[in-house]
Structure formats: C-alpha cells, structure tokens
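**Q** Take this structure, written in structure tokens, and hold onto it; I'll ask about it next.
What follows draws every value from the coordinates through simple rules; no lab data is involved. In this text, all values refer to a predicted model and were calculated from it rather than measured experimentally. Neighbour counts run over all protein chains shown; Cβ positions are idealised from the backbone, glycine included.
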Amino acid sequence: MIAPEVIETIIKMTAMETDGVSKIPAQLTHQPVRIRINEEKKIDADVYVRIEYPYNVIHVGKKLQENINRVISETIGMEPGSINIHIEDIDYINNSEKERS
C-alpha cells in the first residue's frame with residue numbers, strides 16, 4: 001500500500017502539469033490535496049488549484065479530473081473514486097510578468 005502522503009504528492013504534481021493550472025495554493029486552512037480511501041477501496045480526492053487566465057475554468061477542471069483519474073489508475077494502481085476540483089482563484093498574469101518568472 002502506498003502512503004497517503006505519496007499519493008497526495010503524485011496528485012499535486014499531476015495537477016501542476018495540467019495546462020491552465022497556475023499553482024496549488026499553499027496558504028489554506030486545509031491541505032491543498034486531501035485524499036481518503038472509501039469503503040469501496042477507491043481513492044476520493046479534493047484538489048484545490050488556482051487557474052491561469054484566460055483558460056476556461058470548466059475545461060481545466062474536467063482535464064484535471066481526467067488526468068488525476070488516469071494517474072490513480074495507471075501510476076498508483078488503484079481505482080479512482082470521487083475527484084473534486086476546487087477552483088480557489090484565477091491568476092491574471094500579463095506577458096511581462098510571465099517573462100520574469
């Protein structure tokens with residue numbers, strides 16, 4: 001069995017690799033990725049992200065769910081359950097700010 005912290009890290013990395021996700025908020029009153037293994041032995045996850053403008057919020061949310069479902073199945077080797085994506089904010093970054101980062 002993989003440790004929950006490892007699963008959370010894998011999900012966090014997957015989220016950051018998804019186009020349109022600008023960052024995982026660090027200063028929350030809770031963990032930015034929370035998982036639990038339900039009674040059916042499936043992984044349920046709550047993932048909190050910030051989206052980069054001008055990406056479509058619904059499209060990014062669906063893509064995140066697809067990517068996280070895939071990584072749970074293929075990389076972790078477990079069955080995904082409920083994957084909840086929480087959009088915390090939208091980051092408006094202009095081109096000069098992108099060039100500096």
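**Q** Using the Karplus equation 6.51 cos²θ - 1.76 cosθ + 1.60 (θ = phi - 60°), what ³J(HN,Hα) coupling, rounded to whole Hz, does each residue of region 32-48 give in order, writing x for Gly and Pro?
**A** Once rounded to whole Hz, the list reads x, 10, 10, 10, 8, 9, 7, 5, 8, 6, 9, 8, 9, 9, 10, 10, 9.
**Q** Moving on. R0 = 41 Å: FRET efficiency of E5 with I93, Cβ-based, nearest 0.05? Walk me through the numbers before you get to the answer.
**A** Values: r = 30 Å, r/R0 = 0.74.
Between E5 and I93 the formula returns 0.85.
**Q** N84 versus V57, label points 7 Å from Cα toward the beta carbon: distance in nm?
**A** About 1.7 nm separates the two model spin labels.
**Q** For D91, enumerate residues with amide H under 5 Å from its amide H, sequence gap 5+ or separate chain, H modeled in the peptide plane.
**A** Hits under the 5 Å cutoff: I51, E52, Y53.
**Q** Here's another thing I want to ask about it. Please turn the phi angles of region 66-77 into ³J(HN,Hα) values with the Karplus equation 6.51 cos²θ - 1.76 cosθ + 1.60 (θ = phi - 60°), one per residue in order, whole Hz, x for glycine and proline.
**A** Each residue's phi maps through the Karplus curve to give 4, 5, 5, 4, 5, 5, 5, 6, 7, 8, 7, x Hz.
**Q** For region 14-85, run through the GluC sites (Glu not before Pro) and keep only the ones in DSSP coil with at most 14 other Cβ atoms within 10 Å of their Cβ. If you can, show how the numbers build up before the last one.
**A** Values: sites: E17, E39, E40, E52, E66, E74; in loops: E17, E39, E40.
Those that pass, being in a loop and sparsely packed, are E17, E39, E40.
**Q** While we're on this one: One-quarter of the Cα convex hull surface for region 4-100, in nm²? Write out the running numbers ahead of the final one.
**A** On the way: hull surface 26.3 nm².
Across all orientations, region 4-100 yields a mean hull projection of 6.6 nm².
**Q** Which ordering of T9, T18, T29 is given by a fewest-first count of other beta-carbon atoms within 10 Å?
**A** T29, T9, T18
**Q** Rank these for me by crowding, R70, R34, going from fewest to most other beta carbons within 10 Å.
**A** R70, R34
**Q** Relative contact order of region 4-100, please, whole-number percent, based on alpha carbon pairs below 8 angstrom and at least 6 residues apart.
**A** 31
**Q** Would you mind ranking M16, M1, M78 by Cβ crowding within 10 Å, fewest neighbours first?
**A** In increasing order of surrounding Cβ atoms, one gets M1, M16, M78.
**Q** Assuming 0.36 nm per residue, please report the length gained on full extension of the stretch T29 to I76 beyond their Cα-Cα distance.
**A** Stretched out fully, the T29 to I76 stretch lengthens by 14.2 nm.
**Q** Another one. Between D19 and E39, how many nm apart are label points set 7 Å from Cα along the C-beta direction?
**A** Simple spin-label model gives 4.1 nm for this pair.
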